[in-house]
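The values are calculated or read from the model by the stated rules, or taken from the named source; none is laboratory data. What you see is a predicted model, and the numbers here were worked out from it, not measured in a lab. Glycine also receives a Cβ, built like all others from the backbone with ideal geometry; neighbour counts cover every protein chain displayed.
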Amino acid sequence: MIDVELESVSKRFARSDAAAAVDDVTLTIGAGEFFTLLGPSGCGKTTTLRMVAGFYFPSEGHIRFGGQDVTRLAPNKRDTGMVFQNYALFPHLTVAQNVAYGLKVRRVGRAEAARRVAEALAEVHLDGYGARRIDELSGGQQQRVALARALVIRPRMLLLDEPLSNLDAKLREETRTEIRRIQRESGTTSIYVTHDQAEAMAMSDRIAVMRSGRVQQVGSPREVYHQPANEFVARFIGRSNVLSLPVAAAEATRVEVVLPGGARVWSGAPDGHGLGTGDTALVSARPEYIAVTGPTDPGAIGGRVTAIEFTGMTTHLTVQVDIGGTDTEVTVATVDAPERVGIGDRIGLRLSADRLWVVRP
Ligand code: ATP
């Protein structure tokens, strides 16, 4: 069931703006879905979310909730709960008063409000914190108060704008798991804004990857990771290598490319890729699906190791390879090769055919 619909939505802040902050965005979000807008700073994520919340009205296009047009409806008539990056809590009120705020505005009775505040605090694991002052809480606790305040009004939709960016790395990971648990339990349709691809991958049912106001791809975390639509998505999600390789043969959903050294390998390709023999394909190869072999391996690309970076779980090798007369850096993530290789060594790189994907420029 579709809950939220954006149809050809654009936002220009000034008539004279050459580029729209949000440019012809069409999206559908299902009931109960956790949907993420992901992209680099300035790509239009927050503007899109603010149009869903009603803080901005689109310059063009339509927004619908449950089939009903809300494009020009005031924010307080939309029944959304919002969580901000800076929490936006009232510092002079207690935790319970902060959480109760939306209920007071909605004229919910005192006893009912007290019961719902206690319930919401329990939901975010802050039972017994009601009487505390906001400045007596840690950043993570404050963020959970903000979440409780959004949830207590039982909104039809939760809108979250980079809610974890003020937390340290460990707390971010803990809190993202918490947010997702609470969202699953309440079944509230949620739109989440982040520039952190790992966070988006870990939390979302589906992700819309944005760039310069435009949606580049919408898909599950697995889809955007393994079948990126274009070079931008491939490089933005994870740390992909995008290689320009000549096409030897092409079929509907796969393309055979020629590696430097002459070996051939098949790569998956999207429907309607339009490539033919003799064309150049852009092939995305994830670092963890490249195997390290010896420099004389005839099925591999030969290259020289220029950097080695130990990250704990894996080791990243930077390898200089010559593709079509151009020096190209390939990143490899490996768990077992480091003992065998050092900087300056010549090695072979074997691409895993079932994990290659043709991307658009
Ligand atoms: P960030 O991750 O940095 O918050 P974002 O992807 O959320 O970025 P937006 O805040 O939506 O991006 O901004 C998109 C574009 O619109 C940017 O070029 C920004 O400068 C511009 N913009 C945003 N808000 C306004 C405003 N109120 N007036 C004019 N321009 C704006």
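Tabulated values for the structure
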{"quantity": "Any pair with Cβ under 7 angstrom, 6 or more apart, that starts in segment 246-271 at a residue that is within 23 Å of Asp322 (Cα to Cα) and ends at one that is outside any strand (DSSP E or B) and acidic (Asp, Glu)", "calculated": "Val247/Asp279"}
{"quantity": "Cβ pairs under 8 Å, 6+ apart, first in segment 48-74 and free of Cβ contacts under 8 Å to residues at least 12 places away in the same chain, second surrounded by fewer than 18 Cβ atoms within 10 Å (Cβ to Cβ)", "calculated": "Asp69/His62"}
{"quantity": "Condition met for Val108 (more than 16 Å from the ligand (Cβ to nearest atom) and at pLDDT 95 or above)", "calculated": "no"}
{"quantity": "Any strands (runs of 3 or more DSSP E) falling wholly within segment 184-234 and containing at least 3 residues that are of a type in the set (Val, Ile, Thr) and within 16 Å of the ligand (Cβ to nearest atom)", "calculated": "189-194"}
{"quantity": "Within segment 279-307, tally of residues that are surrounded by 14 or more Cβ atoms within 10 Å (Cβ to Cβ), within 30 Å of the chain's Cα centre (by Cα) and among the aliphatic types (A, V, I, L, M)", "calculated": "7"}
{"quantity": "Leading residue by the ranking (farthest from Arg211 (Cα to Cα)) among those in segment 18-39 that are in a loop (DSSP other than H, G, I, E, B) and within 12 Å of the ligand (Cβ to nearest atom)", "calculated": "Ala18"}
{"quantity": "Residue that is farthest from Thr280 (Cα to Cα) [pool: residues in segment 320-361 that are touching an Asp or Glu at 6+ places or on another chain (Cβ under 7 Å) and among the aliphatic types (A, V, I, L, M)]", "calculated": "Ala333"}
{"quantity": "Criterion violated by Gly61 - all others in (1) closer than 17 Å to Ser204 by Cβ; (2) not in a loop (DSSP other than H, G, I, E, B) satisfied", "calculated": "(1)"}
{"quantity": "Within segment 40-87, tally of residues that are within 15 Å of the ligand (Cβ to nearest atom), within 25 Å of the chain's Cα centre (by Cα) and of a type in the set (Gly, Ala, Ser)", "calculated": "5"}
